[in-house]
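The values are calculated or read from the model by the stated rules, or taken from the named source; none is laboratory data. Just so we're clear, the structure is a prediction, and the values are computed from it rather than from any experiment. Cβ sites come from the backbone with ideal geometry, for glycine too, and all protein chains shown count toward neighbours. Keep in mind that these areas ignore ligands, DNA and RNA; they rest on the heavy atoms of the full protein, side chains included. Shrake-Rupley method; radii C 1.70, N 1.55, O 1.52, S 1.80 Å.
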Amino acid sequence: MTLGEAPLATRRDRERHQTRQAILEAARAIAADEGWEAVTMRRLAERIEYSLPVLYTHFENKAALVAELARLGYHTLAERLRAARARVADPEAAAVDLARAYCNFAWGERDLYEAMHGLTGVPVDATDYREAGAQALAEARAALAAWADARRVMIVDLEDAVTILWSTLHGIAALALARQMPGGKKRAILLATRAVEDLLKAWLAVGWV
C-alpha cells in the first residue's frame, strides 16, 4: 500500500491496486535503464503483459503517470529528510544531514527526481503534486526554524530562506546528475554540505534569516 492510502476492502480493489503499482514499477524500471523517452504506454503494456485499454483505465496518459511518480517522489523525499533531521540532536548538524539526504535521494532515486522536476520531457501540471511537494519543503522549513531557535537567530522571512536552501541543493544535485559537475557526485555532496554550512554562518552573522 502506498503512503496515505486507505485499506483496500475488496479483492477487486486489491487487484486494481496491484496493477497500478505494476505499471508504476515498470515505468520506473524503464526510465532507470533507458531514460524517460523510452517510457511509452505501449511499452508499459508489453512489459506488464496487459492491454493498452487496461493501462488507460489507470492512467489516461504518460503525463498522469509521471505526476503520480512525482507525488511518490516527494513523499519519499519528505520521509528521507525527516529521518535525516531525527538522526542528530544538534540543529546545525541536522540541517547539514538534510542536505546530504537530499543529494543521496537524487542519486538513488533518479527516475523519481526527474519526474519531480520536469525532467521527463512530458509537460505535467505541478498542481497535481503540489501538496506532496509541500511536505518535503516542510521538512526544510522545520530544520531551519529549529536552527534559528537554537542559535537565537531572528526569523524574518523563513520562506525565502527555504527557497534559497532548496534551490541551492537542487542546483548542485541537477548538475551532478547531468554530469556537469567536475568531481561528480562525491564532490557534489561536499559542495552541498559546504553550501548549507556557509548559509547558516551568513544568517548567523547578520542575526536573522
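Numbers at a glance
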quantity: Rounded accessible area per residue of the chain, 1.4 Å, Å²; calculated: 53 Å²
quantity: With every protein chain in place, the chain: carbon and sulfur % of accessible area (1.4 Å); calculated: 52 percent
quantity: 15 Å beta-carbon shell around A26, net charge (K/R +1, D/E -1); calculated: -1
quantity: Highest to lowest packing among 104-116, 177-189, scored as the average C-beta count within 10 Å; calculated: 104-116, 177-189
quantity: Most mobile listed residue (Y56, Y129, Y74) in the chain, GNM with C-alpha springs under 10 Å; calculated: Y56
quantity: Contact order relative to length of the chain, as percent, for alpha carbon pairs under 8 angstrom and 6 or more apart; calculated: 21 percent
quantity: For segment 39-107: relative contact order, % (alpha-carbon pairs under 8 angstrom, 6 or more apart); calculated: 21 percent
quantity: Segment 76-146, relative contact order in percent, only Cα pairs under 8 angstrom and at least six apart counted; calculated: 44 percent
quantity: Gaussian network model of the chain, Cα within-10 Å springs - most flexible of A31, A101, A150; calculated: A150
quantity: Convex hull volume per residue in cubic angstrom - Cα atoms of the chain; calculated: 127 Å³
quantity: Cα centroid of segment 71-102 to Cα centroid of segment 115-139, whole Å; calculated: 18 Å
quantity: Rounded if a/c under 1.5, otherwise prolate or oblate - segment 113-209, Cα gyration tensor axes; calculated: oblate
quantity: Value at 222 nm in deg cm²/dmol, rounded to 500, when DSSP H runs of n ≥ 4 in the chain each add -39,500 (n - 2.57); calculated: -25000 deg cm²/dmol
